[in-house]
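This report refers to the structure that appears directly beneath it.
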Amino acid sequence: MTRQKKQIETILLHMTDGIVAFDMKGKVIHINLAAKKLLNISDETDFESIFERFGVDINLEKIIYLDDWTSSEKKLNLENQAINLFFAPFKNENDRPGGVIVVVQDITEQEKLDNMRKEFVADVSHELKTPITSIMGYADTLIDSEVDEENQKRFLERISSEAKRMSKLVADLLILSKYDTAKIKIEKTEFDLGELVKYVFEGQTIEMQKKDLTGECYVTADVPPVYADKMGIERVVINLLSNAIKYTDVGGKITVYVGFVYNDAYIKIKDTGRGIPENDLAKIFERFYRVDKDRARETGGTGLGLSIAKEILDQNDSRIDIKSEVGKGTDVIIRIPTKVK
Ligand code: ADP
């Protein structure tokens, strides 16, 4: 018996959830360390004084006699913490009501994630609503009023570009969600990073020419093969290079370097564009974050490119650093491991 009791006591002591047992009068029979910490209890020893402090409207008798032996639940939103309380009656050895057990759970992280999810849904809805409203406006005008040929063409072009924006947004969201839910399988292989970067760079030369940008790509000779997901890294380089092109004014310069330092291969993408203000630097990896929302709309940005890049790099044990100066330009540096881990 005593051994069993000791075992139970040890389990209760080390549980991350808090447990408090009250007798029929509301006196504490047992309380574990986690419950003391979570409820910040020092010497309160009865039901009422513990829960009154948090403004919890719950009554001991009601749980024991009226709730038909089902547990009830209450959520506490404290200043920096969210806590869930489960109240359940228990019976004694004679099968008569013995008291109430309260399980105290720290749900702060869960709540945070839940709020992020809600915000994300709200952001997605907002981002999709803007182009839809605009498409509907132009289409209705074309249907309902006499529009001369020149304006017809202009409106149709706007409809087309807004539809493209929506399509890009949905495609980016799908990619992000596939990475989130691990539906895209990360397949790490050894490959030549310099070759990949040169290939992506060549694919973007037309975009650079359109804006009259000078583009240069240098690969040093000493870069060993990297060990990462090739398709993912290709997507990252495309996103970063197209940002450099998007946010650099006509006539600017984009330089890409691929090299090797301290066991990591690196890619540096340098532009002479508008730069990113220091206050925004920490936030640009957040989903939908754009430094200048109105201007970003003109460039067709979705605010997801860097979030996707960060997600992919995290999954490849790689890192990204951005240095930027407003009006001068931006350096984006990625480091990718070369040793098989
Ligand atoms: P977007 O689709 O809007 O480009 P990203 O997630 O790729 O979304 O980038 C987020 C924001 O970071 C952009 O809207 C832009 O304000 C800023 N940004 C990213 N790359 C650069 C860059 N090379 N130069 C200046 N600003 C940049």
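A few points about this structure:
- Of all residues in the range 103-126, those being assigned to a helix (DSSP H, G or I) and touching a helix residue (DSSP H, G or I) at 6+ places or on another chain (Cβ under 7 Å) number 1.
- Remark: pairs (first residue in the range 257-284, farther than 25 Å from residue 208 by Cα; second residue within 16 Å of the ligand (Cβ to nearest atom) and open to solvent by 40 Å² or more (accessible area, probe 1.4 Å); Cβ separation under 8 Å; 6+ apart in sequence or on different chains) = 280/289; 280/291; 283/289.
- Output for the range 2-56, where each listed residue is free of Cβ contacts under 8 Å to residues at least 24 places away in the same chain and at positive phi: 40, 55
- Within the range 48-74, the set of residues being at pLDDT 80 or above, aromatic (Phe, Trp, Tyr) and part of a helix (DSSP H, G or I) comprises 51 only.
- Between 118, 75, 62, 91, the distinction of being in contact (Cβ under 8 Å) with a residue 24 or more places away in the chain and among the basic types (Lys, Arg) belongs to 75 only.
- For residue 168, the test of being out of contact with any helix residue (DSSP H, G or I) (no Cβ under 7 Å at 6 or more places or on another chain), closer than 27 Å to residue 333 by Cα, surrounded by 14 or more Cβ atoms within 10 Å (Cβ to Cβ) and not hydroxyl-bearing (Ser, Thr, Tyr) is passed.
- The residue that is nearest to residue 194 (Cα to Cα), among those in the range 313-335 that are within 11 Å of the ligand (Cβ to nearest atom) and among the polar types (S, T, N, Q), is 330.
- Given (1) modelled with pLDDT under 90; (2) more than 13 Å from the ligand (Cβ to nearest atom); (3) buried (at least 21 other Cβ atoms within 10 Å of the Cβ), index of the condition residue 301 fails: (2)
- Enumeration of residues in the range 9-28 that are open to solvent by less than 100 Å² (accessible area, probe 1.4 Å) and aliphatic (A, V, I, L, M): 12, 13, 15, 19, 20, 21, 24, 28
The values are calculated or read from the model by the stated rules, or taken from the named source; none is laboratory data. Because the structure is a prediction, the values reported are computed rather than measured. Glycine also receives a Cβ, built like all others from the backbone with ideal geometry; neighbour counts cover every protein chain displayed. These area figures cover heavy atoms from the full protein model, side chains too; ligands, DNA and RNA do not enter into them. Shrake-Rupley method; radii C 1.70, N 1.55, O 1.52, S 1.80 Å.
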